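J.: My questions all concern the structure below.
Derivation of every value follows stated rules applied to the coordinates shown; laboratory data play no part. Every value quoted in this text rests on a predicted model; they were computed, and no experiment measured them. Here the Cβ is made from the backbone with ideal geometry for all residues, glycine too, and neighbour counts use every protein chain on show.
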Amino acid sequence: MASGKGLEGITAGATSLSLVEGEIGRLSYRGYSIRELAEKKTYEEVVYLLWRGELPAPAELAEFNVRFVAERAVPERVVEVLRLLSPDALPMDALRTGVSALGTMLPETQETTIEGALALTARIPTILAAYHRLRLGLEPLAPRADLGHAANYLYMLTGSEPTADQAYAIDRYFILLADHGFNASTFTGRIVASTLSDMCSAVVAGIGVLKGPLHGGAPAEVLKMLTAIGTKENAEAWIRAALARGERLMGFGHRIYKAEDPRADVLRDLAARVAAPERFEFFETVEREALRLLEEAKPGRRLYTNVEYYSAVVLDAVGLPADFFTPTFAASRAAGWAAHVLEQVADNRLIRPTAEWVGVGPRAISEWEPARI
Ligand code: ACO
């Protein structure tokens with residue numbers, strides 16, 4: 001293996017946004033633990049914290065909320081672009097296209113400023129919900145100013161106002177997924193920003209990276225796995241067979257966490273709140289069996305439940321279609337991507353690493369070789 005493969009263990013820059021402590025399973029944003037933020041704050045407050053460095057005072061929050069709500073609507077031409085897409089398009093591809101189109105229509109999305117961050121973060125749920133309704137043959141719904149950012153997203157998708165528990169759960173989910181150190185999509189966004197490109201391009205790049213199953217593409221796979229297992233009684237046999245085939249159990253393992261992912265812990269509590277009791281019992285049984293059998297099959301690898309396992313359970317329980325799990329992750333993470341762009345440009349240097357050479361040479365072209373034109 002070339003040294004530094006996957007950049008594991010390499011410190012690639014500095015941040016004061018989120019601290020991921022993998023050995024002890026702790027995550028904090030600007031010094032506040034994720035559990036405390038999820039218990040006491042809203043997504044809007046957390047976004048303010050990420051972008052500005054401090055939690056807002058009540059008057060600051062009120063002013064920020066007014067701006068956030070005012071930015072939700074998307075230009076009609078963005079909806080027209082989404083209308084042109086096939087109803088079979090992957091929602092992540094539709095999101096990438098919609099955000100890119102938005103970037104050509106709203107100049108502020110090009111700015112690496114809080115205005116640019118807001119212009120994109122506020123509108124991503126609207127783009128997603130519009131595409132979902134169009135693919136169902138329905139007309140997009142206008143955003144509702146009386147609902148929070150995450151609850152309004154559920155409303156625009158489903159057409160009905162979420163229950164208090166659903167609104168609470170989706171808002172917590174948005175808080176928990178908002179930022180996570182130098183993960184692949186965030187690091188990509190920082191690279192884009194480091195070239196002095198624009199906010200929209202950084203977010204579009206982040207969407208492309210998040211789509212991959214080793215990053216944000218796992219939660220729908222978790223649901224597929226749970227559906228395939230079907231019953232509590234089948235869990236052990238199914239998991240044993242999957243591991244014997246050399247397959248990975250979706251929702252387990254993490255590059256950084258060598259203890260339980262702290263987000264999984266909060267999401268498990270949320271799942272208990274929104275999932276039907278017998279479903280929740282099934283999910284817990286599968287989790288228990290998976291952890292036991294992973295330790296048996298891969299002793300000492302320290303594979304624990306990651307954020308995706310209970311994300312899938314929570315997002316399913318609040319009524320999201322499985323192919324909207326990763327796009328919903330993107331809707332939350334947009335705030336983190338934007339925060340990293342702001343941090344990168346505030347103290348910028350082009351990100352341009354070197355590579356270890358493993359090719360042949362040096363060599364010369366022999367005389368008989370014909371020139372190719
Ligand atoms: N199921 C079975 N075995 C696993 C799993 C898993 N979920 N995860 C890791 N392993 C094993 C690997 O087979 C490997 O075993 P080996 O040493 O015998 O070859 C060992 O644990 C180490 O695995 P790596 O692939 O080196 O770990 P890496 O840090 O590169 O991967 C990753 C982390 C991609 C998350 C991995 O754990 C995985 O594929 N998990 C399943 C997919 C998933 O849940 N993704 C969402 C991640 S969370 C997020 O991005 C928000």
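J.: Under 13 Å from the Cβ of A272, count the other residues' Cβ atoms, weight Lys and Arg +1, Asp and Glu -1, and hand me the total.
T.: Details: positive: R172, R268, R273, R279; negative: D165, D265, D269, E278, E281, E284, E287.
Neighbour charge sum, excluding A272 itself: -3.
J.: Right, here's the next one. What is the extension gain from I24 to D347, computed as 0.36 nm multiplied by their sequence separation minus the C-alpha to C-alpha distance, in nm to one decimal?
T.: On the way: separation 323, 0.36 × 323 = 116.28 nm, distance 3.00 nm.
Result: 113.3 nm gained on full extension.
J.: In addition: Report the convex hull volume per residue for the range 69-207, counting only C-alpha atoms, in Å³. Intermediate values should be presented prior to the final figure.
T.: Working: hull volume 15.1 nm³, N = 139.
Per-residue hull volume (Cα only) is 109 Å³.
J.: Another one. Using r as the Cβ-Cβ distance of R255 and E356, and R0 as 25 Å, what FRET efficiency do you calculate, to the nearest 0.05?
T.: Values: r = 20 Å, r/R0 = 0.80.
Plugging the Cβ-Cβ distance into 1/(1 + (r/R0)^6) gives 0.80.
J.: Quick one: 3J(HN,Hα) in Hz for the range 288-300, Karplus 6.51/-1.76/1.60 with θ = phi - 60°, rounded, Gly and Pro as x.
T.: After applying 6.51 cos²θ - 1.76 cosθ + 1.60, I find 4, 5, 4, 5, 5, 6, 5, 5, 5, 7, 10, x, x Hz.
J.: Whole Å is fine, so just give me how far the alpha carbon centre of the range 209-228 lies from that of the range 134-172.
T.: 23 Å
J.: Just rank Y48, Y131, fewest to most, by other beta-carbon atoms within 10 angstrom.
T.: Working: Y48 23, Y131 28.
Listed from fewest to most nearby Cβ atoms, that is Y48, Y131.
J.: Relative to a virtual label point 7 Å from the Cα of A164 in the Cα→beta-carbon direction, which members of the range 251-280 show backbone nitrogen distances below 12 Å?
T.: none
J.: List L85, L50, L120 from most exposed to least, where exposure is judged by having the fewest other Cβ atoms within 10 Å.
T.: Values: L85 16, L50 22, L120 27.
Least to most surrounded, the residues fall as L85, L50, L120.
J.: Another one. Exactly which GluC sites (Glu not before Pro) in the range 228-278 are in a DSSP loop and have at most 14 other Cβ atoms within 10 Å?
T.: On the way: sites: E233, E236, E247, E260, E278; in loops: E247, E260.
Here the sparse-neighbourhood loop sites are E247.
J.: Place +1 on the Cβ of every Lys and Arg and -1 on the Cβ of every Asp and Glu in the range 234-373, take the dipole about the Cα centre, and give the residue among A317, N348, S332 whose Cα lies farthest towards its positive end.
T.: Among A317, N348, S332, the one farthest towards the positive end of the dipole of the range 234-373 is N348.
J.: Highest mean first, what order results for 25-35, 182-192 on Cβ atoms within 10 Å?
T.: On the way: 25-35: 17.9, 182-192: 22.5.
Listed from highest to lowest mean packing, they are 182-192, 25-35.
J.: How far apart, in nanometres, would the label points at L90 and R248 be if each is projected 7 angstrom from Cα along the Cα-to-Cβ direction?
T.: The modelled label-to-label distance comes out at 1.5 nm.
J.: Give, rounded to the nearest 20 debye, the magnitude of the charge dipole that the chain has about its Cα centre when Lys and Arg contribute +1 at Cβ and Asp and Glu contribute -1 at Cβ. The partial results should precede the final answer.
T.: Numbers: 40 positive and 48 negative charges, 150 e Å.
Charge dipole, the chain, about its Cα centre: 720 debye, nearest 20.
J.: Please list 106-116, 324-334 highest first by mean number of surrounding beta-carbon atoms within 10 Å per residue.
T.: Details: 106-116: 18.0, 324-334: 26.2.
Descending mean neighbour count gives 324-334, 106-116.
J.: R0 = 41 Å: FRET efficiency of D146 with K224, Cβ-based, nearest 0.05?
T.: Values: r = 36 Å, r/R0 = 0.88.
In this case the efficiency is close to 0.70.
J.: Here's another thing I want to ask about it. Using a simple charge model, +1 on the beta-carbon of Lys and Arg, -1 on the beta-carbon of Asp and Glu, nothing else, what dipole does the range 180-261 show about its Cα centre, in debye to the nearest 20?
T.: Values: 9 positive and 7 negative charges, 34 e Å.
Result for the range 180-261 is approximately 160 debye, rounded to the nearest 20.
J.: What residues have an amide H closer than 5 Å to that of G181, excluding those fewer than 5 places away on the same chain, when H is modeled at 1.01 Å from N in the peptide plane?
T.: Here S18 satisfy the definition.
J.: Moving on to the next point. With the chain treated as a Gaussian network of Cα nodes joined by springs under 10 Å, which of A167, A57, A130 yields the largest mean-square fluctuation?
T.: A57
J.: Using per-residue counts of other Cβ atoms within 10 Å, averaged over each peptide, order 338-344, 238-244 from highest down. Before the final figure, lay out the partial values.
T.: On the way: 338-344: 25.1, 238-244: 16.0.
Most protected by this proxy first, the peptides run 338-344, 238-244.
J.: Could you give the dipole magnitude of the range 1-109 about its Cα centre, charging the beta-carbon of Lys and Arg +1 and that of Asp and Glu -1, in debye to the nearest 20?
T.: For the range 1-109, the charge dipole is close to 100 debye.
J.: Let me ask something else. Pop the C-beta distance of R279 and A237 into the FRET formula with R0 = 30 Å and round what comes out to the nearest 0.05.
T.: 0.90
J.: Another question, then. Return the aspartates and glutamates within reach of K224: Cα separation strictly under 12 angstrom, same-chain partners fewer than 8 residues apart disregarded; answer none if there are no such residues.
T.: D316, D323
J.: Okay, next question. Return one quarter of the surface area of the convex hull spanned by the alpha-carbon atoms of the chain, equal to its mean projected area, in nm². Numbers along the way, then the final one.
T.: Numbers: hull surface 91.3 nm².
Result: 22.8 nm².
J.: Taking the alpha-carbon centroid of each part, what is the distance from the range 320-373 to the range 100-119 in angstrom?
T.: 22 Å
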